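Peer 1: Please see the structure below; I have some questions.
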Amino acid sequence: MTDASSPRTSRRARVRAPQLTGKGGWLNTGGKQYTLADLRGRIVILDFWTFCCINCLHVLDELRELEEKHRDTVVIIGVHSPKFVHEAEHQAVVDAVERYGVEHPVLDDPELATWKQYAVRAWPTLVVIDPEGYVVAQHAGEGHAHAIERLVTELETEHAAKGTLRRGDGPYVAPEPEPTVLRFPGKALALPSGTFLVSDTTRHQLVELAADGESVVRRFGSGARGLHDGSADSATFNEPQGLALLDDGSVVVADTVNHALRRLDLTTGTVTTLAGTGRQWMQGEPTSGPAREVSLSSPWDVAWWQGKVWIAMAGVHQLWAYDPAADPADDTVGVTAGTTNEGLVDGPGPEAWFAQPSGLAATPDRLWLADSETSALRWVDLDGAVHTAVGTGLFDFGHRDGAAEQALLQHPLGVTALPDGSVAISDTYNHALRRYDPATGEVTTLATDLREPSDAVLVGDEILVVESARHRLTRLRLPEEAVRVESVAHRTQRAATEVAPGELKLDVIFQAPAGQKLDTRYGPSTRLLVSATPPELLVGGEGEGTDLNRTLTLNPAVAEGVLHISAMAASCDDDPANEYPACHVHQQDWGVPVRLTEGATDRLPLVLAGMDDRDGRDNQNA
């Protein structure tokens, strides 16, 4: 079967694009509402995204170059399609559009109306519509910008010849900038001098604040988006996040969108690069080696633990570590835990699964972490094994206190170790500061009415919370009496796929990109890994194998659950004259909510998209 995301296949189909509807209305248009008819004559790219999703954020950055190069012919429209309840709030979408520097119109679709019209199944998904209003391509996952750019060039030529291409300014209207001291700050660090260093994420700077947490002492970085080492005034960052103090008094910075670790010398203000190549790590690339030669992927937070800088590598759902040496030329970086599969699986580090680890806090015997997409609090022990304190998986979240096995969080981004051995959790999408006590196994709420708290730092018997969406640091007393809140629990809004109990035929469909073939020189070139939440959902068919087709057996006693599926295929350039062909790894992860229904389908087809331009992976919660 042909890959449904192939532009050539889709263009033959000539499917009229459905209308764009969204209860939340339009952003970045100066208040104007648009229809597809208004955009006739332009090439339209719909980006179905949600702001919690790291792969969606990768796509936003992938599209920037295309957006600039074809600004007079292409209109990119972000269709915001929420996963979490918080993401359905209109103001949260407004904030996210500014936070991540989205420079195109965005349709706020809180009820997933347009998502359903286009039969989208995964975040992110890109849909290309030609100047006559027909869908000509659909790609799920990240890594497709180069293929879409080629298609756009073809469409420009084709429709210019037909007279159906309309050039000119697009509908994007930039919002007015707000004059706040900080703009969507991400993380904060208490410095030995009594001041605070804050990652001023949206302004691509680091800011040192006085002991009051408000007055600016100095700024580091020019404020331009980029990757340039140098002085405090000339250096550039790209949406920096995590901060950690090193033994020599300097600060290591998780420079998230630059996919790099940077070093800030607080004495001189000089910024240098410690690790990363400035390019996003892709499947098949080295996962350890010289620090400046190994690519990273959206490092979100950092912590000094056991003589190394541990890295919450949100982009590939892993923990890495940077190991400094006496000679910087000998510095190394490498994976410490996680498989790159997205989910919640405990165990030895190399076997554990994470889902966008975004916050770290070190104690002598534990490394605590906020695993945001599973709404979980987890920890690593001294032997490197991974444990879960709070959280159950990708699709369950809410605000519920009590015993840890029953408690619920909603996309936490930060953790802070407290003096009594407990942990404060920046429960971001619940707008709350929570506390987990390992001694009692209980979760309580310390404070509410915060606005997207993303980190917190201790200051004596107080805690300073980074209220990211209020653009400030907020000081709270510790201990606070717990605020009583009504317990709520949620699951993602996407409807479950109805499947019949018993045997279910899983078909992962893969076609190598044009000019490539499956690489079978060293044995099977494909891999399929299947598991389920709850595990009892699968009576048979779980585990790893090399065949992309498999029969699963679903337990009729389990009404619903989630199938976790990870597929990989390797292909090489098909050129007999080339003795050393370039090879490519294609991998996608799916989390498929299913509901067992008598008489429903007994087949589940999933498309593993071939990557046309570079090694890469497509991560999707489908």
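The values are calculated or read from the model by the stated rules, or taken from the named source; none is laboratory data. Note that this is a predicted model, so its numbers are computed, not measured. In this analysis, Cβ positions are derived from the backbone assuming ideal geometry, glycine residues included, and neighbour counts consider all displayed protein chains.
Rundown of residues vs (1) in contact with a Pro (Cβ under 7 Å, 6 or more places away or on another chain); (2) surrounded by 24 or more Cβ atoms within 10 Å (Cβ to Cβ); (3) under 18 Å from His411 (Cα atoms), yes/no style:
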position	(1), (2), (3)
Ser298	no, yes, yes
Ala312	yes, yes, yes
Pro324	no, no, no
Val335	no, no, no
Ala362	no, no, no
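Peer 1: Can you confirm whether segment 195-211 contains a residue that is at positive phi, in contact with a Phe, Trp or Tyr (Cβ under 8 Å, 6 or more places away or on another chain) and not basic (Lys, Arg)?
Peer 2: For segment 195-211, residues at positive phi, in contact with a Phe, Trp or Tyr (Cβ under 8 Å, 6 or more places away or on another chain) and not basic (Lys, Arg): present.
Peer 1: Look through segment 57-115, keep the residues that are aliphatic (A, V, I, L, M), more than 17 Å from the chain's Cα centre (by Cα) and outside any helix (DSSP H, G or I), and return whichever of them is surrounded by the fewest Cβ atoms within 10 Å (Cβ to Cβ).
Peer 2: So, considering only residues that are aliphatic (A, V, I, L, M), more than 17 Å from the chain's Cα centre (by Cα) and outside any helix (DSSP H, G or I), the one surrounded by the fewest Cβ atoms within 10 Å (Cβ to Cβ) is Leu112.
Peer 1: Taking the condition of being among the hydroxyl-bearing types (Ser, Thr, Tyr) and either part of a strand (DSSP E or B) or under 23 Å from the mean Cα position of the chain (by Cα) (or both), how many residues in segment 178-220 meet it?
Peer 2: 3
Peer 1: Let me ask something additional. Where in segment 480-584 are there strands (runs of 3 or more DSSP E), lying fully within it, with 1 or more residues that are modelled with pLDDT of 85 or more?
Peer 2: Where strands (runs of 3 or more DSSP E) fall fully within segment 480-584 and carry at least 1 residues being modelled with pLDDT of 85 or more, they are 497-499, 502-510, 526-533, 538-540, 543-545, 549-554, 560-573.
Peer 1: Scan segment 175-186 and report the pairs whose first residue is farther than 20 Å from Asp212 by Cα and whose second residue is at pLDDT 95 or above and polar (S, T, N, Q), with Cβ atoms within less than 7 Å and a gap of 6+ or a chain change.
Peer 2: Here the result reads Pro175/Asn28, each pair linking segment 175-186 to a residue that is at pLDDT 95 or above and polar (S, T, N, Q).
Peer 1: So, one more: Pick out the one residue from Thr272, Thr256, Thr287 that is more than 23 Å from Asp200 (Cα to Cα), in contact with a strand residue (DSSP E or B) (Cβ under 6 Å, 6 or more places away or on another chain) and either surrounded by fewer than 21 Cβ atoms within 10 Å (Cβ to Cβ) or not aliphatic (A, V, I, L, M) (or both).
Peer 2: Within the list Thr272, Thr256, Thr287, the selection yields Thr287.
Peer 1: Restricted to segment 156-189, and to residues that are buried (at least 16 other Cβ atoms within 10 Å of the Cβ) and among the small types (Gly, Ala, Ser), which residue is farthest from Val128 (Cα to Cα)?
Peer 2: Filtering first and then ranking leaves Ala188.
Peer 1: Got a sec? Which of Glu87, Glu111, Glu98 is touching a strand residue (DSSP E or B) at 6+ places or on another chain (Cβ under 8 Å), acidic (Asp, Glu), in the same structural domain as Thr21 (by TED's automatic domain parsing) and under 30 Å from Leu408 (Cα atoms)?
Peer 2: Only one candidate qualifies: Glu87.
Peer 1: Restrict the check to segment 338-351 and report whether at least one residue is outside the structural domain of Asp381 (by TED's automatic domain parsing), more than 20 Å from the chain's Cα centre (by Cα), on the phi < 0 side of the Ramachandran plot and at pLDDT 95 or above.
Peer 2: No, there is no match, as no residue in segment 338-351 is outside the structural domain of Asp381 (by TED's automatic domain parsing), more than 20 Å from the chain's Cα centre (by Cα), on the phi < 0 side of the Ramachandran plot and at pLDDT 95 or above.
Peer 1: Every residue in segment 275-292 that is farther than 27 Å from Ser525 by Cβ, assigned to a loop (DSSP other than H, G, I, E, B) and over 20 Å from the mean Cα position of the chain (by Cα), please.
Peer 2: Ala291, Arg292 - these are the residues of segment 275-292 that are farther than 27 Å from Ser525 by Cβ, assigned to a loop (DSSP other than H, G, I, E, B) and over 20 Å from the mean Cα position of the chain (by Cα).
Peer 1: Return yes when Leu450 is farther than 21 Å from Leu344 by Cα and not in a loop (DSSP other than H, G, I, E, B) and no when it is not.
Peer 2: Here the answer is no, as Leu450 does not meet what is asked.
Peer 1: On the given criteria, is Glu452 touching a Leu at 6+ places or on another chain (Cβ under 9 Å) and among the acidic types (Asp, Glu)?
Peer 2: yes
Peer 1: Additional query: Which members of segment 131-146 meet the condition of being acidic (Asp, Glu) and surrounded by 20 or more Cβ atoms within 10 Å (Cβ to Cβ)?
Peer 2: If the condition is that a residue be acidic (Asp, Glu) and surrounded by 20 or more Cβ atoms within 10 Å (Cβ to Cβ), then Glu142 is the only one that fits.
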